[in-house]
Structure formats: C-alpha cells, structure tokens
1. Select from region 70-81 the residues that are open to solvent by 50 Å² or more (accessible area, probe 1.4 Å) and either over 13 Å from the mean Cα position of the chain (by Cα) or at pLDDT below 95 (or both) and list them in ascending order.
2. Scanning region 51-72 for residues that are of a type in the set (V, I, T) and assigned to a loop (DSSP other than H, G, I, E, B), which turns out farthest from N32 (Cα to Cα)?
3. Touching a strand residue (DSSP E or B) at 6+ places or on another chain (Cβ under 6 Å), of a type outside the set (G, A, S) and assigned to a loop (DSSP other than H, G, I, E, B): is that true of L85 in this structure?
4. What pairs come out if I take residues in region 25-39 that are within 13 Å of E6 (Cβ to Cβ) and pair them with residues that are open to solvent by 10 Å² or more (accessible area, probe 1.4 Å) and hydroxyl-bearing (S, T, Y) whose C-beta lies under 8 Å away, six or more apart or interchain?
5. Counting only residues that are of a type outside the set (V, I, T) and in contact (Cβ under 8 Å) with a residue 24 or more places away in the chain, which one in region 47-69 is least open to solvent (accessible area, probe 1.4 Å)?
6. Report every pair of residues separated by at least 6 positions or lying on different chains whose Cβ atoms are under 7 Å apart, first residue within region 97-115 and at positive phi, second outside any strand (DSSP E or B).
7. Hey, among the residues in region 82-103 that are of a type outside the set (D, E, K, R) and modelled with pLDDT under 95, which one's surrounded by the fewest Cβ atoms within 10 Å (Cβ to Cβ)?
8. Does E19 fit the bill of being part of a strand (DSSP E or B) and in contact (Cβ under 8 Å) with a residue 40 or more places away in the chain?
Amino acid sequence: QVQLVESGGGLVQAGGSLELSCAASGSIFRINDMGWYRQPPGKQRELVAVITRGGNTNYADSVKGRFTISRDNAKNTVALQMHELRPEDTAVYLCIARVLGIDYWGQGTQVTVSS
C-alpha cells in the first residue's frame, strides 16, 4: 500500500504560477512512476505529467513548456511547477504512484485559474 498526500494548489490569476507537491508513504521502495493527473469540472480525468524513477518525463501536449515535473527519490516526493496558468488549467489535480502495475491516488487538490 502507498499513501499519497498532496499540498499546494489554490486560486491564481491567469498568467500566474503555482507549485504542487505530493509526498508518498507506505510501500515506497516499490514505487516506479509518479505523476499528476487532473480532472476539470464535468470532464474526464487526464494525464498532466509523469516521471519515472530514473527521471524520464512525459507531459500532456497542453502543458508542455509551461509545467515542469520533478521528483526526489530520497524524500519520496514529486512536485509540479506550473507557470503561465490558463483558465482551462482549472481542475482537481491528483497525485499518482505506480507500484507493480497498481495505481495509487491522492485525494486531490483544487487549482482554480481566474481570467
């Protein structure tokens, strides 16, 4: 079992920046990929960014060049720096950790971008 606790998020004006953090606990020695998904109001959950244990990253096209994912394997944390935020980035952002093919999810943190 892996427990994930997110922090950060909040309300920001368009063009602003926010940083999300996620800390993992539990069976952390088995975590491979970590990352972030988001669920906009009334829409399906979608990938934002994922980072492997070795540091390889994958971003959604909509956030490339604006968001940066990073990871600290020693602290079992993953962070998402978000710049040039847009109203369409408004969503609940969820941390994910993959362990032996099983996805563990955090509770989510709200990000709201006002125009």
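The values are calculated or read from the model by the stated rules, or taken from the named source; none is laboratory data. These numbers were taken from a predicted model, which means no experiment stands behind them. Because the Cβ atoms are built from the backbone with ideal geometry, glycine has one as well, and the counts that use them run over all protein chains shown. Protein only, heavy atoms only, side chains kept; ligands, DNA and RNA dropped before computing areas. Shrake-Rupley method; radii C 1.70, N 1.55, O 1.52, S 1.80 Å.
1. D72, N73, A74, K75 - these are the residues of region 70-81 that are open to solvent by 50 Å² or more (accessible area, probe 1.4 Å) and either over 13 Å from the mean Cα position of the chain (by Cα) or at pLDDT below 95 (or both).
2. Only one residue fits best here, namely V63.
3. yes
4. Close Cβ pairs (under 8 Å, with a partner that is open to solvent by 10 Å² or more (accessible area, probe 1.4 Å) and hydroxyl-bearing (S, T, Y)) do not exist here.
5. A49
6. From residues that are at positive phi, the pairs are L100/R30.
7. Ranking the qualifying residues of region 82-103, first place goes to G101.
8. Spelling it out, E19 is indeed part of a strand (DSSP E or B) and in contact (Cβ under 8 Å) with a residue 40 or more places away in the chain.
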